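Worksheet for the structure shown next.
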2 protein chains.
Amino acid sequence: MRLTQPLHKGLSERPQATALVCGGERLAFARLVERVSRLAGALRMLGMRAGDRVGMMGLNSHRFVEYCYGVWWGGGVINPVNVRWSPQEVAYSLDDCDTGILLVDDAFKKLALDLRARSRSLRTLVYLGDGEVPEGMSSYEALLACAEPADDAMRGGGDLAAVMYTGGTTGLPKGVMLTHTSLYLNALSQLAAVARPPGAVGLLSAPMFHVGGMALSLQVMLRLGTQVLLPAFDEVATLEAIQAERVTETFLVPTMIKRLIEHPRFGDYDLSSLRMMIYGAAPIDSTLLAQAMRAMPNVQFCQAYGMTEVSSTVALLPPACHVPGSDPARLRSAGLPVPIAEIRIVDSEDRELPRGGVGEITVRGPTVMAGYWNKPEQTAQALRGGWMHTGDSGYMDDTGFVYVVDRIKDMIVSGGENIYSAEVENAISQLPEVSACAVIGVPDDAWGERVHAVVVLRAGMALTDEAVLAHCRSLIAGYKCPRSVEYRAELPLSAAGKLQKFKLREPFWQGRDRRVN
Amino acid sequence: MRLTQPLHKGLSERPQATALVCGGERLAFARLVERVSRLAGALRMLGMRAGDRVGMMGLNSHRFVEYCYGVWWGGGVINPVNVRWSPQEVAYSLDDCDTGILLVDDAFKKLALDLRARSRSLRTLVYLGDGEVPEGMSSYEALLACAEPADDAMRGGGDLAAVMYTGGTTGLPKGVMLTHTSLYLNALSQLAAVARPPGAVGLLSAPMFHVGGMALSLQVMLRLGTQVLLPAFDEVATLEAIQAERVTETFLVPTMIKRLIEHPRFGDYDLSSLRMMIYGAAPIDSTLLAQAMRAMPNVQFCQAYGMTEVSSTVALLPPACHVPGSDPARLRSAGLPVPIAEIRIVDSEDRELPRGGVGEITVRGPTVMAGYWNKPEQTAQALRGGWMHTGDSGYMDDTGFVYVVDRIKDMIVSGGENIYSAEVENAISQLPEVSACAVIGVPDDAWGERVHAVVVLRAGMALTDEAVLAHCRSLIAGYKCPRSVEYRAELPLSAAGKLQKFKLREPFWQGRDRRVN
């Protein structure tokens, strides 16, 4: 399997069909292949050799897609940057996997110069925008114009295709290594698991630097469909794009679906082309589903469950579970394992539990990551016994449906982003006023969960919420910073002196059947 | 990718769901896995080591499916025998790939004893039936009862999974080597290409020793669906099975569809569960399609195009091309390439032709065979430049649809079976009365094409059709024997002395837009 194969097919089978739509740009497959092969040539000119990582810091655009295929076509490995991270975090992730070339768009060109100062590995910045080329950067379009088109390096199978960084339990981001086979198979397996509407026109508003956005992009590409790229989610832009491009499918999180259908201009648009709405990061509640189905009666809903370490998705809750009269309890399920993934629920000794028993959700199959970049111990721990340990606790029912009930890893999921408590606690603990702190996720209607900090002050010291927040902002991504701070005299500890976070969480989650959102 | 993975999933996700239905037998996944792991243990007891070939000569049954998974589970390679072949051909195929163990059912137990006398490699015969165990054979059920269940050998990826024999251009059958990856991906890719109905209940009446039947079986297994096995196609048995088991999809050739809907008892059955009819081997004509759609209004039709050397299917003509009002010319197309396959039309020098140009259809991708067993020269020739040369000539239109117009290899396709003219010509030429002969395919309403022989007799000799047929029957499979014989004074030769078969074919194909059926 080669991720570049669909480009060869597109060029051969439908060269004049539209592959990408972004703002005023429309690229047919023939033009996309031309630009991708030139980008590959340019990257080689800039020193990219087989297996080298190339970074991207940008919002969704046609150039983001070109970047992925250009790097692959040239034999390299993509390393898309989470643009929400702090410069310190981004610099760590670039250096960790030795990324020498970074592409940046207009939204991040200032940050990029700061990054070059912080990063040891970074040597070349390529400017993706159409404005004046910033000092010290090369122009993307100029490079494409002067480069010779390269031949496809024909890497594939077990060759590395991507290093995608996620937060780390130890506070340091971890680079998840995904191969051509794992990314390709993840996309193919999802298409095989749940029937998609024909004539794919996919709307990409979920960020492509996340494996979820990347997976949707690949799924459209595998069918030689059209990808419509929005820089980020916005209600009106989404409604306009669906109407104008006759979009057939998209991926959103439930809170975005809610914002969309409650928007005052929702009724002004023709959304009759939309046939499938994939959602993830959180379950959909039955009230919202009923409301969404009334608003968009032609749309099938499908939930995707997974994580970066499994190339995106290992279970899908199919449209048949989202129809009127279906079991509302089923809506809390993460779905059925996809064809390529085995799911096993194990206890803390990795013994399989009987059906219905709650334990850690583990995954086996060819879409599981090759490992964490340069972190053999964490890799061995995560993949022990040949199974990926997700850190989610849950159970499987008699009919194969998987339910997530809690998180074993100390992690918060807010607006689809994973936040490791340790990262936030490390930041807060650096304040001289803080004696101890604990960070937990609490339910939030808009974001699923939000970050909440419990702080114990040193004797005689004082601190404001604003000061905590400002301090965190200087170190970590904004979305990781606490939304609320609570001051206590002490933290609840077990007899063995171990922090009992569940006692901190309990009051926030009362009356709910799960401890994750 | 491992072909045994769905069994692990079935055991975990739906242990009590029905995996196989055959006559009065119903096997849940848990029981299937139990029997498969015992069969693997038994085969190891009989001497099967990793990578060894194990043969099967039988009609479709639950035991045929157990055989495939039992061999794979034990680390072996399946070698399903084409039961229509003559003992001489079967013995050649067994010896060629050194098959030591052969499973045989009641239909072929007599033939098997004859085979043991002819074959050098065969040492163990296992009797699959429920009757008295023939002398010199082991009983399948007794072996399962006494064997220890084996652990899955966990072979997969590029490991060999099957050697499947097809006729050869040189007159000798060729063993097509297919890996776990190629068979798995072929099934997954077909599911991804054309949306299937949920809740898969597949009816297998196409023979599983063919890659087409094998592929449907895998497609149902990948979804953990139910396989309903019929020993062979029969109108009433098919209608009864669809009604009784609520079958959702099946695979037939157009002539079987015709026989089904024209059967006097067709109207007596409830076929409302049937949602998809895949057909292959020949295009469907618009009259038959219209008739079939009236008879089965809920059914979507889909054509599959491929060959053993590509693990079954590289193009699908989707249901959207089979609806009332769709372009009748499209119905003559072999369809659109599936996601995993690239198709390129080349001239005799392997240069790609411009769109619309007629040349050889070649295929690239991970479902292409690993090669022909023990035939490096034929492998190199078939796979030259990394592309499988199908031997079909055709073109691709501007929208990616592939059309087959003729056959480059001197091959006849009758009732879905490939027949190489050379095999038949070799047989006929052994008659002392024959001076020269040529074998061609001519159109046939029931079988697509049928075998027609043109014979030049030696001076003063005479021969009857019956004598030709009886002689052929003693050497080659019945379906390869000529259905009609024509006697001529000479064969049409070019100035260079090369046989001009097209001149022999021409009168039979007048008024048709293709030279294949």
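The values are calculated or read from the model by the stated rules, or taken from the named source; none is laboratory data. Just so we're clear, the structure is a prediction, and the values are computed from it rather than from any experiment. Note: ideal-geometry Cβ built from the backbone for every residue, glycine included; neighbour counts use all protein chains shown.
Table for the structure above
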item	result
Among the candidates A:ILE412, A:ILE408, A:ILE419, A:ILE343, residue that is within 28 Å of A:PRO207 (Cα to Cα) and within 13 Å of another protein chain (Cβ to nearest Cβ)	A:ILE343
Residue within region A:314-333 that is over 22 Å from A:HIS210 (Cβ atoms), buried (at least 18 other Cβ atoms within 10 Å of the Cβ), among the small types (Gly, Ala, Ser) and in contact with a Phe, Trp or Tyr (Cβ under 7 Å, 6 or more places away or on another chain) present	yes
Qualifying residue in region B:64-82 (condition: of a type outside the set (Lys, Arg), surrounded by fewer than 24 Cβ atoms within 10 Å (Cβ to Cβ) and either at pLDDT below 95 or more than 22 Å from B:LEU3 (Cα to Cα) (or both))	yes
Some residue of region A:159-172 being at negative phi, of a type in the set (A, V, I, L, M, F, W, C), in the same structural domain as A:LEU39 (by TED's automatic domain parsing) and in contact with a His (Cβ under 6 Å, 6 or more places away or on another chain)	yes
Residue list for region A:346-382, filter: in contact (Cβ under 8 Å) with a residue 12 or more places away in the chain, small (Gly, Ala, Ser) and more than 12 Å from chain B (Cβ to nearest Cβ)	A:SER348, A:GLY356, A:GLY357, A:GLY359, A:ALA370, A:GLY371, A:ALA382
Some residue of region B:486-499 being surrounded by 16 or more Cβ atoms within 10 Å (Cβ to Cβ), under 26 Å from the mean Cα position of the chain (by Cα) and closer than 30 Å to B:GLN381 by Cα	no
Which numbered condition A:GLU417 misses (of (1) charged (D, E, K, R); (2) closer than 23 Å to A:GLY212 by Cβ; (3) over 20 Å from the mean Cα position of the chain (by Cα))	(3)
Enumeration of residues in region B:354-365 that are at pLDDT below 95 and in a loop (DSSP other than H, G, I, E, B)	B:PRO354, B:ARG355, B:GLY356, B:GLY357, B:VAL358
Residue within region B:211-229 that is away from chain A (no Cβ under 13 Å) and part of a loop (DSSP other than H, G, I, E, B) present	no
Breaking point among (1) farther than 22 Å from A:ILE412 by Cα; (2) in contact with a Ser or Thr (Cβ under 9 Å, 6 or more places away or on another chain), for A:THR390	(1)
For B:GLY202: the one exception among (1) within 25 Å of A:ARG196 (Cβ to Cβ); (2) surrounded by 24 or more Cβ atoms within 10 Å (Cβ to Cβ); (3) within 14 Å of chain A (Cβ to nearest Cβ)	(3)
Leading residue by the ranking (surrounded by the fewest Cβ atoms within 10 Å (Cβ to Cβ)) among those in region A:216-253 that are touching a helix residue (DSSP H, G or I) at 6+ places or on another chain (Cβ under 8 Å), free of Cβ contacts under 8 Å to residues at least 40 places away in the same chain and over 19 Å from A:GLY10 (Cα atoms)	A:GLU235
Residue satisfying all of: in region A:383-405; in a loop (DSSP other than H, G, I, E, B) and among the aromatic types (Phe, Trp, Tyr); farthest from the other protein chains (Cβ to nearest Cβ) among these	A:TRP387
Qualifying residue in region B:323-334 (condition: at the interface with chain A (Cβ under 10 Å from one of its Cβ atoms) and not in a loop (DSSP other than H, G, I, E, B))	no
Among the residues listed as A:ARG116, A:ARG35, A:ARG14, the single one being among the basic types (Lys, Arg), away from chain B (no Cβ under 14 Å) and in contact (Cβ under 8 Å) with a residue 40 or more places away in the chain	A:ARG35
Leading residue by the ranking (farthest from A:CYS302 (Cα to Cα)) among those in region A:179-197 that are touching an Asp or Glu at 6+ places or on another chain (Cβ under 8 Å) and within 11 Å of chain B (Cβ to nearest Cβ)	A:HIS180
Verdict on A:THR308 being more than 14 Å from every other protein chain (Cβ to nearest Cβ), farther than 30 Å from B:TYR184 by Cα and in contact with a strand residue (DSSP E or B) (Cβ under 8 Å, 6 or more places away or on another chain)	no
All positions within region B:154-174 that are in contact with a Ser or Thr (Cβ under 9 Å, 6 or more places away or on another chain), closer than 19 Å to B:GLY55 by Cα and surrounded by fewer than 24 Cβ atoms within 10 Å (Cβ to Cβ)	B:ARG155, B:ASP159, B:LEU160, B:THR166, B:PRO173
Residues within region A:278-299 that are free of Cβ contacts under 8 Å to residues at least 40 places away in the same chain and in contact with a helix residue (DSSP H, G or I) (Cβ under 7 Å, 6 or more places away or on another chain), tallied	5
